[in-house]
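For reference, the structure is listed below as structure tokens.
Where a number appears in this text, it was derived from the coordinates with a stated rule and is not lab data. The structure presented is a predicted model; accordingly, all values stated were derived computationally and were not measured. Positions of Cβ are backbone-derived with ideal geometry, glycine not excepted, and every protein chain shown enters the neighbour counts.
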Amino acid sequence: MYASLKSLVGQLLMPAPLLLFSLLLGLLLWRSRPRIGWGLCVLSALGLLLASWAPLADRLLGVLEDSYPVLLAPPEDVQAVVVLGGGWQPEEDWGVVGRLNSSSQARLMEGLRLWQLARGEEDKELLPGSATVPLIVSGVSPRGNRAPVALGYAEAAMALGIPQSALIPLTEPSDTGKEARAVASALAEPGATVVLVTSASHLPRAMVHFCAAGLTPIPAPAEFLARRDSVNTLGYWVPASRHLGKTERAWYELLGHLALNWEARTCP
């Protein structure tokens, strides 16, 4: 119940719904309170314009994405590579990789690259033998009638040549905190060193959760969205929905950090 409520509140507090609600309120007040109505309409339109503008969106999201450098290779003592859940459409006939959304694809590809580097020399001679470094893929179904995202990850990973024996799908965790605790339970070793793969903007919050779960996470950012447009192109300066998506991603992570701080204060 709490997870559903948290998700609903998070969606309603996104910039687009908030600004559109403010604009609608301004239109409703236009006749009865013209100054307030006019002010709300102007501020809402300006806010929507700025949120959809690349210089601002890239600055907001870039602060999060630049928190950790790209992990070129995992340390030798790593005990697992963990790929956090994203989204997928299991009912669509798009192929095992195509059913994963862009965020999940980026996370899985980076996870597979790092797993290939992390597995021991003995594993490289045993395909499909058991692996000493497991690839943990996580994620529950975003809807009750769908298969868990973790199974989508596992299916795609096996299609790309990863042996089933190397995979540990965690199908129950519904948020990042639960994913961290599930990984700690699966490894059953306090302080286990894991390579933590998730979107670059999500990684700072994920690191807090995994440290709180008693693990030693090595940050491995994937899916960089900021600064994809060159400043020398018109698309960088013209407001667009893809830039609004960056602002919403940064805002979502800010709300996530606020929720994390609130949960920490309310814990017994």
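So what is the calculated 222 nm ellipticity per residue for the chain, using -39500 (n - 2.57) for each DSSP H run with n of 4 or more, over all residues, to the nearest 500 deg cm²/dmol? Before the final figure, lay out the partial values.
Numbers: 11 runs with 139 residues, N = 268.
Value at 222 nm, helices only, nearest 500: -16500 deg cm²/dmol.
Sticking with the crude label model, points 7 Å out along Cα→Cβ, report the distance from Ser230 to Leu46 in nm, one decimal please.
3.3 nm
Treating only the Cβ of Lys, Arg, Asp and Glu as charged (+1, +1, -1, -1), what charge dipole size does region 207-254 show about its Cα centre? Round to the nearest 20 debye. List each step's numbers first, then the result.
Values: 5 positive and 4 negative charges, 24 e Å.
For region 207-254, the charge dipole is close to 120 debye.
In debye to the nearest 20, how big a dipole does the chain give about its Cα centre with +1 on each Lys and Arg Cβ and -1 on each Asp and Glu Cβ?
Details: 21 positive and 23 negative charges, 297 e Å.
Roughly 1420 debye for the chain.
So, R0 is 25 Å and r is the distance between the beta-carbons of Cys211 and Leu117; what FRET efficiency does that work out to, to 0.05? Walk me through the numbers before you get to the answer.
On the way: r = 23 Å, r/R0 = 0.93.
The value I calculate is 0.60.
If you take every DSSP beta bridge fully contained in the chain, what fraction is antiparallel? Give it as a percent rounded to 5. Before the final figure, lay out the partial values.
Numbers: 1 of 19 bridges.
For the chain, the DSSP antiparallel bridge percentage is about 5.
From the convex hull of the Cα coordinates of region 13-67, what is the mean projected area in square nanometres? List each step's numbers first, then the result.
Details: hull surface 16.2 nm².
Result: 4.1 nm².
Any idea what Rg and Dmax come out to for the chain if you just take the C-alpha atoms, in Å?
21.0, 77
Take the Cβ-Cβ distance between Leu20 and Ser165 as r, set R0 to 51 Å, and report the resulting FRET efficiency rounded to the nearest 0.05.
Numbers: r = 50 Å, r/R0 = 0.97.
So the FRET efficiency works out to roughly 0.55.
Treat every Asp and Glu Cβ in region 136-189 as -1 and every Lys and Arg Cβ as +1, leave all other atoms uncharged, and give the resulting dipole magnitude about the Cα centre to the nearest 20 debye.
On the way: 4 positive and 5 negative charges, 34 e Å.
Dipole size: approximately 160 debye.
How large is log10 of I(q)/I(0) for region 133-199 at q = 0.11, 0.19 Å⁻¹ when the intensity is taken from the Debye formula with one equal scatterer per alpha-carbon?
Rounded to two decimals, the profile gives -0.26, -0.76.
Give, in nm to one decimal, the length gained when the segment between Leu13 and Asp93 is fully stretched (0.36 nm per residue of separation minus the Cα-Cα distance). If you can, show how the numbers build up before the last one.
Working: separation 80, 0.36 × 80 = 28.80 nm, distance 3.32 nm.
Here the answer is 25.5 nm.
Quick check: the distance between the Cα centres of region 133-187 and region 195-268, to the nearest angstrom?
Rounded to whole Å, the Cα centres lie 20 Å apart.
On a full-extension model of 0.36 nm per residue, what is the gain between Leu255 and Leu28, subtracting their alpha-carbon distance, rounded to one decimal in nm? Please report the intermediate quantities before stating the final value.
Details: separation 227, 0.36 × 227 = 81.72 nm, distance 2.86 nm.
This chain segment gains 78.9 nm when fully extended.
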